[in-house]
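Notes follow once the structure below has been shown.
The values are calculated or read from the model by the stated rules, or taken from the named source; none is laboratory data. None of these values were measured; they are calculated from a predicted model. Neighbour counts are summed over all protein chains in view; Cβ atoms, including those assigned to glycine, are modelled from backbone coordinates with ideal geometry. For the accessible areas, the whole protein counts, side chains as well, though only heavy atoms, and no ligand, DNA or RNA atoms are used. Shrake-Rupley method; radii C 1.70, N 1.55, O 1.52, S 1.80 Å.
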Amino acid sequence: MNLFTHFEMAVREAVAGLAADGQLAQGLPSAAIVVEAPRDPAHGDLSTNAAMVLAKPAGLKPRDLAERLVTRLAAHPDITEASVAGPGFINLRVVADVWQRVVRAAVREGTGYGRSGIGAGRKVNVEYVSANPTGPMHVGHARGAVFGDALANLLAFTGHEVTREYYINDAGAQIDVLARSVNLRYREALGEEIGAIPEGLYPGDYLVPVGEALAREHGERFRRSNGEDWLEPFRDAAVAAMMDMIRDDLAALNIRHDVFFSERSMHESGAIAGMLEELRGRDLVFQGSLPPPKGEVPEDWEDREQTLFRATAYGDDIDRPLVKSDGSFTYFAADVAYARDKLSRGFEELVYVLGADHGGYVKRLQAVTRALSADKAKATVLLCQLVKLYRAGQPVKMSKRAGTFVTLREVVDEVGCDPVRFIMLTRKNDAPLDFDFAEVTKKSAENPVFYVQYAHARAHSIFRNAADVYPKLGFDSGELANADLSLLTDVGEVAIVKRLAQYPKMLEGAATAYEPHRIAFYLYELASELHGQWNRGKDSPHLRFIREDDVSVTTARLALVRAVASTIAGGLALLGVHAPVEMR
């Protein structure tokens, strides 16, 4: 049940009623009308901006329009009072049964509470992680992985048809460098002294097992090779090994993709060449030259005529080259072919979750999607800022495994999947994030993941204690949903109910804005409400969730606890975090 959508409809009906009576013009734009909780609860249960946003197109003063709307709204069966505030805002008070409906919905729907259909089945491709298969993922990849996965969960929960995708960058110079690095480890496995890893190759010891596997498979075959007949098989073996490692690392973070798409497959299948011919046929490319880059001109810059994509016609800053001077395709050409492939699979929206250093990709990917889809699809590019690691306040910089950075797996192995996922979502994706190993394992309110998980565990401890007091009382959702919820009158109980009412609206707003971090903030607030009411009960026995002298009040409060527990469990599931029923 989305309480706010329910009352937004009531406001729109009031506007339509005034129009039908001739008090307002017909067809006023109502999309900007919102109903929300007022900042000061003393002002009412709900507030709407309807008069403020409709006054100008209606040709009325906001307060005059608000007075007319108040008369209509006061007659609604779910509204006990409607009043005008300030320049024209409308405050509403609602019948008690409205709040009872919220609790019943949360109890009956369980972890599905808050699910909506605002996505209307829109096909969305969410591409995230897409780390180069040249080594283990670092902690920066973890943030993009967690953010992309939580976003995909959120979009699916709100009615979108979501595909989770990983783009394997298995073509280009970095893959040849990887193969050469593995060749050293192969020779090392055969007993050769290789010395220090040369500059420009990958030095991490994660390649040692790959070299050993190749030595077992090929023996001395490629050791004394005069040519580079080993390059292709070593490249294939290295990429396969790196992708296995990456999949294992992602699984440790509870992340699994639906599709792993190979860049190399597009080169080998001729998809990029086919894309170029299609673009020519649609007049999306032309022969021309580009101005020199702003600032210092690179030594390898060429003032020459080349094949350019008409990116500026679709919002990009410059037109983009597709073919290099040696006749090979640019990286951008592969990006275009990849977008073309996604659109051919029927996706209406392409979401790219990229690192902060990919800011230059935003306009070009948006332009490509607009051009290829004839403006029928859109691209959304979301950048994840860096993560700074600390241990008790001191920076952590080096990895035992990779030698140059802290790997994702090292972090997960030390603190666990849940703290990594939750903490990575306590900031908006484009804001810097500090991750302190000591802080995320604390058992205190200052550690948000512990605080939220503890609230869920506390709720289940309340049920275990209630079963001891009332062994014959049923605690399943069906029985609790029929409790007499009119008994929930304490100010703390009402605050919890109102917080529960905000959950569906919060989820829809988070999905629309691509901001799954809002879930983490909401869960912390809901957990605070539950912990706060439990603490009040310690000081005032009549406020305790379990009343040995009143089974009706106990049942009503247990329904409230069930609603909180299932909402926390559902929210944590969207974040990919476990909801424990007991914590030691």
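Solvent exposure of segment 253-331 amounts to 60 Å² per residue of accessible area, where only protein heavy atoms count and the probe is 1.4 Å. Each 10 Å bin from zero up to the one holding the largest Cα-Cα distance in segment 121-196 carries the following percent of pairs: 17, 30, 25, 16, 9, 3. Within the same chain, aspartates and glutamates fewer than 8 places from residue 324 are excluded, and of the rest, those with a Cα less than 14 Å from its Cα are 300, 302, 303, 305. The GluC sites (Glu not before Pro) of segment 154-259 meeting both criteria, a DSSP state outside H, G, I, E and B (loop) and at most 15 other C-beta atoms within 10 angstrom of the site's C-beta, are 192, 193, 199, 220, 228.
In the chain, a dipole from Cβ-located charges (positive for Lys and Arg, negative for Asp and Glu) runs towards its positive end, and of 431, 390, 474 it is 474 whose Cα lies farthest in that direction. Remark on residue 161: its backbone amide H falls under 5 Å from those of 121, 122, 123, 124, a criterion applied only to residues 5 or more positions apart or on other chains, H modelled at 1.01 Å from N. Taking volume of the Cα convex hull per residue in Å³ straight from the coordinates, which label in (1) 215; (2) 151; (3) 172 is the correct one? Comparing each candidate, only (1) matches the computed number. Taking segment 313-353 and a reference point 7 angstrom along Cα→Cβ of residue 305, the backbone N atoms nearer than 17 Å belong to 321-327. Rounded to the nearest 20, the Cβ-based charge dipole of segment 18-148 about its Cα centre (Lys and Arg +1, Asp and Glu -1) stands at 300 debye. Converting phi to 3J(HN,Hα) with the Karplus coefficients 6.51, -1.76 and 1.60 and the offset θ = phi - 60°, segment 575-582 yields 7, x, 10, 6, 10, x, 8, 8 Hz in sequence order, with x at every glycine or proline. Charged side chains reduced to their Cβ positions (Lys and Arg at +1, Asp and Glu at -1) give segment 466-584 a dipole of some 220 debye around its Cα centre.
Compactness ratio for segment 1-116: Cα radius of gyration over 2.2 N^0.38 Å (N = residue count) comes to 1.10. With a Förster radius of 25 Å applied to the beta-carbon distance between residue 313 and residue 122, the computed FRET efficiency rounds to 0.45.
The mean sequence distance of close C-alpha pairs (under 8 Å, at least 6 residues apart), as a share of the length of segment 168-208, puts its relative contact order at 48 percent.
The trypsin sites (Lys or Arg not before Pro) of segment 14-116 meeting both criteria, a DSSP state outside H, G, I, E and B (loop) and at most 16 other C-beta atoms within 10 angstrom of the site's C-beta, are 39, 115. Working note: Karplus 6.51/-1.76/1.60 with θ = phi - 60° gives segment 315-328 the couplings x, 7, 6, 9, 6, 10, x, 10, 10, 7, 5, 8, x, 7 Hz, where Gly and Pro are set to x.
Relative contact order of segment 270-426: 15 percent, from C-alpha pairs under 8 Å at least 6 residues apart in sequence. Summed over qualifying helices (DSSP H, 4 residues or more, each -39500 (n - 2.57)) and divided by its residue number, the chain shows a 222 nm mean residue ellipticity of -15500 deg cm²/dmol.
When you restrict to C-alpha pairs under 8 Å that are six or more residues apart and normalise by the size of the chain, the relative contact order lands at 16 percent. Roughly how far apart, in whole Å, are the Cα centres of segment 164-225 and segment 5-74? So the separation of the two Cα centres works out to 68 Å. Surface composition of the chain: carbon and sulfur make up 50 percent of the accessible area, probe 1.4 Å.
Of the GluC sites (Glu not before Pro) found in segment 466-567, the ones in coil according to DSSP and having at most 13 other Cβ atoms within 10 Å of their Cβ are 548.
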